[in-house]
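Below is one structure, written out as structure tokens, with a few remarks after it.
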Amino acid sequence: MEEMKRMTLEEIAAAIGISRTTIYKVLAGKGNVSEKTRHTVMEALERYHYVQNKNARNLAMNRQYTIGYAGFRSRSANYFAPKVRAGIDRAVEEFGDDGLHVVIAEFDVEKPWEQAEAVERMLVQGIRDFVLAFSDEQVIEVILEQLKREGCRVVLLSRNLGKEHENYYVGVDYYKSGQLAAELLGKMLSGKGKVFIPVTAEYGGNQDIQARLAGFLKKLEEYPEYEVLPIVHGLMEGERVYEETVSCIEREPALVGIFDLTYRLDMTAKALRDSGRWDIKLVGFDLYTEIEKDIEDSTIDAVVYQDLSKQAYLGMKILFEEMCDGIVHEKRNFYSKLEIIMSGNLCCFRDE
């Protein structure tokens, strides 16, 4: 596990050999402190990027509010963990001086039991507030039952359970995201033709991917001129995604569109490029470095985007405000806006 926090006054005091009480006096501009000591303190505060705590109560009590984050690393969505980390970094930057402290554990998406082990270790440390990004519904249900017994607060990040629960959820409406992808593809196409849908191996245990596909298929019914080919499931490795896409292109001369649910959109785009089929419209999800050039030259015509870093930040903010200020939200589901990225507006999202 990894800890993320900003230096406390206690740590700064230890680093410069001056008592915390003296530092408080310098911050408050009161008390009998020599000019030399005052200069040393101010120089240290600047060097360690200390911003005075806006919450006087927490400053006086040196309170710390610890949130445990347990999330996954995925080969098929390797951008997920870094984006979430960026959101956590932002939360620590904004609330660290008010006492926010985050303990991080990441597990292999194919080893979901590691998440339960990480949460157990955090509970032993005394952590009672959690942001969780899960990969296995059965494992997360066991975790949530345990956290409920312990009276813990929980935010589910990016992926929700397929049933009602008492926890916060920060993410997108996946069914609507599938509908939006279908509307995009339907409006891009002209005439008649066939649509290919390659799907990740994670489909069977991931209700969000199932919801995306269901939303897409339902919305595409409004475009009866397009026939959906038999869906190809079980794709994980990039080479298999590439091979299945090339195979479909070669055997289906009427292919006009691809809806990618493999999360290896870069390999689907490579198959189009290598086949010289820029006429086939390609729609997928999310934005990461490997596909930016494909969006830029319109090999990928559009992606439906959700800002994972903002979601992670919001999850941390919701818990911190409840822990620190007693702000309890009646609203339990916080849906991120769905955005569309194409070559014309790619530059607006590259630095996010």
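Tabulated data
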{"item": "Residue among LYS194, LYS187 that is free of Cβ contacts under 8 Å to residues at least 12 places away in the same chain and of a type outside the set (A, V, I, L, M, F, W, C)", "result": "LYS187"}
{"item": "Counted residues, the stretch 89-116 - those being closer than 30 Å to VAL241 by Cβ and assigned to a helix (DSSP H, G or I)", "result": "3"}
{"item": "SER247 vs. criteria among the small types (Gly, Ala, Ser), out of contact with any Leu (no Cβ under 9 Å at 6 or more places or on another chain), modelled with pLDDT of 95 or more and assigned to a loop (DSSP other than H, G, I, E, B)", "result": "no"}
{"item": "Cβ pairs under 9 Å, 6+ apart, first in the stretch 229-258 and under 24 Å from SER74 (Cβ atoms) and open to solvent by less than 90 Å² (accessible area, probe 1.4 Å), second in a strand (DSSP E or B) and hydroxyl-bearing (Ser, Thr, Tyr)", "result": "HIS233/THR200; GLY234/THR200; LEU235/THR200; MET236/THR200; VAL241/THR200"}
{"item": "Residue in the stretch 340-351 that is at pLDDT 95 or above, part of a strand (DSSP E or B) and open to solvent by 20 Å² or more (accessible area, probe 1.4 Å) present", "result": "yes"}
{"item": "Matching residues in the stretch 297-322 - criterion: being part of a loop (DSSP other than H, G, I, E, B), touching a strand residue (DSSP E or B) at 6+ places or on another chain (Cβ under 8 Å) and not polar (S, T, N, Q)", "result": "ILE300, ASP301, ASP307"}
{"item": "Number of the condition not met by HIS329 [criteria: (1) part of a loop (DSSP other than H, G, I, E, B); (2) within 21 Å of THR268 (Cα to Cα)]", "result": "(2)"}
{"item": "Filter result for the condition that a residue is aromatic (Phe, Trp, Tyr), in contact (Cβ under 8 Å) with a residue 24 or more places away in the chain and open to solvent by 30 Å² or more (accessible area, probe 1.4 Å), over TYR305, TYR335", "result": "TYR335"}
{"item": "Test: residue in the stretch 3-14 that is under 25 Å from the mean Cα position of the chain (by Cα), modelled with pLDDT of 85 or more, of a type in the set (A, V, I, L, M, F, W, C) and in a strand (DSSP E or B)", "result": "no"}
{"item": "Search result, residues across the stretch 151-173 that are modelled with pLDDT under 95 and of a type in the set (Ser, Thr, Tyr)", "result": "SER158"}
{"item": "Residue among GLU227, GLU222 that alone is more than 26 Å from the chain's Cα centre (by Cα) and part of a strand (DSSP E or B)", "result": "GLU227"}
{"item": "Search result, residues across the stretch 151-166 that are in a loop (DSSP other than H, G, I, E, B) and either under 18 Å from GLU120 (Cβ atoms) or of a type in the set (Phe, Trp, Tyr) (or both)", "result": "GLY151, CYS152"}
{"item": "Lone qualifier among LYS187, LYS148, LYS176, LYS194 - being in a strand (DSSP E or B) and either touching a Ser or Thr at 6+ places or on another chain (Cβ under 8 Å) or open to solvent by 40 Å² or more (accessible area, probe 1.4 Å) (or both)", "result": "LYS194"}
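The values are calculated or read from the model by the stated rules, or taken from the named source; none is laboratory data. Since the model is a prediction, treat every value here as computed from it, not as a measurement. Cβ atoms come from the backbone with ideal geometry, glycine included; neighbour counts cover every protein chain shown. Each accessible area value is taken on the protein alone, full model and side chains, heavy atoms only, with ligands, DNA and RNA left out. Shrake-Rupley method; radii C 1.70, N 1.55, O 1.52, S 1.80 Å.
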